[in-house]
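Novice: Dropping the structure in here first, questions after.
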Amino acid sequence: MAKKEFGFATTQIHAGTHREDNGALAFPIYATSTFVFDNVEQGAARFAGEEEGYIYSRLGNPSVTQVEEKVAALEGGEAAMATASGMGAISAALWSILEAGDEVVASDTLYGCTFALLNTDIQKFGVKVTFVDMGDPENVKKALTEKTKVVYFETPCNPTLKIVDIAAVSKMAHDCNPEIKVVVDNTFPSPYLQNPLKLGADVVVCSATKYINGHGDVIAGFVVGDAEYIMNTKMTGLKNMTGTVMSPFSAFLINRGLKTLNLRMERHCANAMKVAEFLHDHPAVDKVYYPGLPDFEGHEIAKKQMHNGFGGMLAMELKASRDEVAAAINKLQLCTLAVSLGDAETLVEHAATMTHSTYTKEELAASGISEGLVRISVGLEDVEDIIDDLKTVLDTLV
Ligand code: PLP
């Protein structure tokens with residue numbers, strides 16, 4: 001693509017596009033594990049990094065390169081690395097930075113498997129993790145030490161949509177030590193709504209399983225950052241430590257999904273706002289978690305750092321017992337009981353026993369994830385139909 005700065009919609013369609021000699025409009029799926037060298041000298045030169053070119057698909061593949069370039073452009077990063085899952089992205093990103101003796105300051109409210117990685121698995125290798133409520137950036141300042149190498153958070157976070165001030169936390173971390181990597185999971189907003197790198201963060205990780213692909217048929221992830229960090233992460237975190245490589249077929253589907261990211265996100269945001277307003281006024285609902293609601297705690301910061309809307313994710317707490325909540329969810333007809341998010345279908349789940357079942361009861365309470373919290377990924381259906389389905393069930397609880 002020419003060097004001109006294009007808008008988001010043009011970038012999501014054209015960035016990373018390389019026209020093949022045969023003129024095919026859609027980029028092909030390079031279903032190949034390895035690439036043929038002309039001679040021994042060429043193979044050696046590629047391994048030595050003296051000649052550009054593909055070697056083996058764990059080290060790079062044209063279908064995957066295309067989506068890496070696209071996501072880097074959309075996030076405003078120098079480079080991106082595609083992975084086989086969001087957890088693959090997070091693991092590879094962190095393993096490439098950390099070693100025994102290092103410390104991480106992490107948000108106390110994170111996707112369940114990320115919490116498990118930081119709370120248990122990574123600590124087995126001598127990395128200390130301190131969890132703090134990042135709703136107040138001062139808590140980050142207090143937790144930083146000279147051993148801190150990473151500050152890690154999601155915003156809006158899964159599942160309570162808590163907002164972390166990206167610019168304030170990044171400044172605090174870098175004032176303490178410019179070498180600290182501020183790593184932000186940008187899964188919930190997607191690059192259409194939020195660009196952490198432009199706000200001072202160093203690295204973006206995400207589950208592309210969600211909005212980036214958007215069609216519920218792929219597990220994938222990305223790491224985005226400066227070119228040197230991404231090259232190092234490819235050469236260590238991806239190539240040696242995790243091998244979490246995106247398949248060319250997943251890359252093809254993600255490229256297809258990305259072409260409509262802005263349109264999908266606009267509809268997700270509009271639908272979620274209407275659902276949040278409906279829930280806010282329903283007598284069976286105790287609390288609604290949605291950054292777009294003016295009375296939501298992080299609303300003003302969300303308004304400052306998110307653009308184009310507040311996302312398609314929300315959560316609600318019902319004025320009912322845990323069993324009544326479960327019975328209510330079981331009665332939904334259109335809204336579908338499933339984990340994951342960011343798909344065309346509206347998906348509903350019970351965080352404490354599903355996506356966040358890696359937390360103990362005490363950890364759930366400390367992170368503000370109540371037993372009655374129901375998470376909703378508002379889909380692309382007619383919003384009246386989503387609301388009718390929720391209303392039918394919620395009315396039975398009044
Ligand atoms: N980050 C967030 C915020 C998530 O919600 C998830 C999954 O739900 C992940 C990371 C992990 O992504 P994946 O399931 O693609 O490994």
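Novice: Looking at (1) within 16 Å of the ligand (Cβ to nearest atom); (2) open to solvent by less than 10 Å² (accessible area, probe 1.4 Å), which one does K210 not meet, given that it meets all the others?
Specialist: (2)
Novice: Every residue in region 370-398 that is at pLDDT 95 or above and in a loop (DSSP other than H, G, I, E, B), please.
Specialist: Residues satisfying the conditions are V378, G379, L380, E381, D382.
Novice: Another question, if that's okay. Of the residues that sit in region 285-304 and are aliphatic (A, V, I, L, M) and either touching a Ser or Thr at 6+ places or on another chain (Cβ under 9 Å) or touching a residue at least 40 places away in the same chain (Cβ under 8 Å) (or both), which one is farthest from F188 (Cα to Cα)?
Specialist: My answer is V285.
Novice: Restricting the search to region 44-75, which residues are more than 19 Å from the chain's Cα centre (by Cα), in contact (Cβ under 8 Å) with a residue 12 or more places away in the chain and open to solvent by 50 Å² or more (accessible area, probe 1.4 Å)?
Specialist: Y54, Y56, R58, L59
Novice: Sticking with this one: Name the residues in region 234-254 that are open to solvent by less than 10 Å² (accessible area, probe 1.4 Å) and closer than 16 Å to E69 by Cβ, would you?
Specialist: M246, A251, I254
Novice: Being away from the ligand (no atom under 15 Å from the Cβ) and either open to solvent by 20 Å² or more (accessible area, probe 1.4 Å) or out of contact with any strand residue (DSSP E or B) (no Cβ under 7 Å at 6 or more places or on another chain) (or both) is the filter here; which residues of region 307-317 pass it?
Specialist: Once the filter is applied, which keeps residues that are away from the ligand (no atom under 15 Å from the Cβ) and either open to solvent by 20 Å² or more (accessible area, probe 1.4 Å) or out of contact with any strand residue (DSSP E or B) (no Cβ under 7 Å at 6 or more places or on another chain) (or both), region 307-317 yields H307, N308, G309, F310, E317.
Novice: Here's a follow-up. Answer with yes or no whether A31 is free of Cβ contacts under 8 Å to residues at least 40 places away in the same chain and under 24 Å from S57 (Cα atoms).
Specialist: It is false that A31 is free of Cβ contacts under 8 Å to residues at least 40 places away in the same chain and under 24 Å from S57 (Cα atoms).
Novice: Please state which of the following conditions A365 fails to meet, knowing it meets all the rest: (1) touching a residue at least 40 places away in the same chain (Cβ under 8 Å); (2) more than 26 Å from N186 (Cβ to Cβ); (3) of a type in the set (G, A, S).
Specialist: Against the list (1) touching a residue at least 40 places away in the same chain (Cβ under 8 Å); (2) more than 26 Å from N186 (Cβ to Cβ); (3) of a type in the set (G, A, S), A365 comes up short only on (1).
Novice: What are the residues in region 70-79 that are assigned to a strand (DSSP E or B) and either within 12 Å of the ligand (Cβ to nearest atom) or acidic (D, E) (or both), if any?
Specialist: none
Novice: Right, here's the next one. Show the residue pairs meeting these rules: Cβ distance below 7 Å; 6+ apart or different chains; first residue within region 206-228 and charged (D, E, K, R); second residue open to solvent by 10 Å² or more (accessible area, probe 1.4 Å) and away from the ligand (no atom under 12 Å from the Cβ).
Specialist: D217/L253; D226/E78
Novice: Identify all residues within region 1-33 that are in contact with a Ser or Thr (Cβ under 7 Å, 6 or more places away or on another chain) and not in a loop (DSSP other than H, G, I, E, B); write none if there are none.
Specialist: Those that are in contact with a Ser or Thr (Cβ under 7 Å, 6 or more places away or on another chain) and not in a loop (DSSP other than H, G, I, E, B): none in region 1-33.
Novice: May I ask you to say which residue of T187, T244 is under 18 Å from the mean Cα position of the chain (by Cα) and within 29 Å of E317 (Cα to Cα)?
Specialist: The unique qualifying residue is T187.
Novice: In region 87-129, what residues are touching an Asp or Glu at 6+ places or on another chain (Cβ under 6 Å) and more than 19 Å from S357 (Cα to Cα)?
Specialist: Residues satisfying the conditions are V127, K128.
Novice: Going through region 324-355 one residue at a time, which ones are part of a loop (DSSP other than H, G, I, E, B) and touching a strand residue (DSSP E or B) at 6+ places or on another chain (Cβ under 9 Å)?
Specialist: Those that are part of a loop (DSSP other than H, G, I, E, B) and touching a strand residue (DSSP E or B) at 6+ places or on another chain (Cβ under 9 Å): L332, C335, A338, V339, S340, L341, G342, D343, E345, T346, M354, T355.
Novice: Go through region 244-275 and report how many residues are touching a strand residue (DSSP E or B) at 6+ places or on another chain (Cβ under 8 Å) and either over 14 Å from G221 (Cα atoms) or assigned by TED's automatic domain parsing to the domain that holds G342 (or both).
Specialist: Selection size over region 244-275: 2.
Novice: I need the full set of residues from region 213-233 which are open to solvent by 10 Å² or more (accessible area, probe 1.4 Å) and more than 16 Å from the ligand (Cβ to nearest atom), in order please.
Specialist: The answer is D226, A227, E228, Y229, M231, N232.
Novice: Does region 202-220 contain at least one residue that is closer than 23 Å to L110 by Cβ, assigned to a helix (DSSP H, G or I) and either in the same structural domain as A80 (by TED's automatic domain parsing) or of a type outside the set (V, I, T) (or both)?
Specialist: Looking only at region 202-220, we keep the residues that are closer than 23 Å to L110 by Cβ, and these are 202-214, 216, 218-220.
After this cut, where a residue has to be assigned to a helix (DSSP H, G or I) as well, the list is none.
No.
Novice: Evaluate the following for D133: is it touching a helix residue (DSSP H, G or I) at 6+ places or on another chain (Cβ under 6 Å), among the charged types (D, E, K, R), open to solvent by 10 Å² or more (accessible area, probe 1.4 Å) and not assigned by TED's automatic domain parsing to the domain that holds I369?
Specialist: Criteria met by D133.
The values are calculated or read from the model by the stated rules, or taken from the named source; none is laboratory data. Just so it is clear, the model here is predicted, and its values are computed rather than measured. Methodologically, a virtual Cβ is constructed for each residue, glycine included, from the backbone with ideal geometry; neighbour enumeration extends over all protein chains shown. Keep in mind that these areas ignore ligands, DNA and RNA; they rest on the heavy atoms of the full protein, side chains included. Shrake-Rupley method; radii C 1.70, N 1.55, O 1.52, S 1.80 Å.
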